[in-house]
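Here's the structure we're looking at; comments come further down.
The values are calculated or read from the model by the stated rules, or taken from the named source; none is laboratory data. Keep in mind that this is a model prediction, so the values were computed, not measured. Here the Cβ is made from the backbone with ideal geometry for all residues, glycine too, and neighbour counts use every protein chain on show.
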Amino acid sequence: MNRMKDYPDPVREALKHGESTPATFASWPAHECLRRLRIRFGLNRKELAAKAGISPSMVGRAEKGADVRLSTLQRLYASLGCRLLTLPAGALYELDWRQAHLDNEHIDWTNKNGHYLKDL
């Protein structure tokens, strides 16, 4: 029994929520949101760094949009009581997640059982 059809497409649902945010906020990059949240919570970089368990210079790098690890951004957001949500945009509107899941099952099955197919 395939119960996936009973569930909504999680990517489309997340994209809907993302599109419902005001355009000015949705256009902010992750580092700008981080900076604004830190200021809103009344923290300086040193205090945020202590809460996140990273160096103050790393907070500065993250807030300037420098290349930092995604896990670092997640820790910073978590220390502010938030969760960082990253969504790719573009062709996902055309993606049927149920079909993608079935395709992945087929690929997994083929990878596990491919040696049997070679003899045919």
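So the values come out like this:
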quantity: Of the criteria (1) surrounded by 10 or more Cβ atoms within 10 Å (Cβ to Cβ); (2) at pLDDT below 90; (3) farther than 17 Å from Glu32 by Cα, which one Gly114 fails; calculated: (1)
quantity: Candidate set: region 27-51, residues that are assigned to a loop (DSSP other than H, G, I, E, B) and under 18 Å from the mean Cα position of the chain (by Cα); chosen: the one modelled with the lowest pLDDT; calculated: Ser27
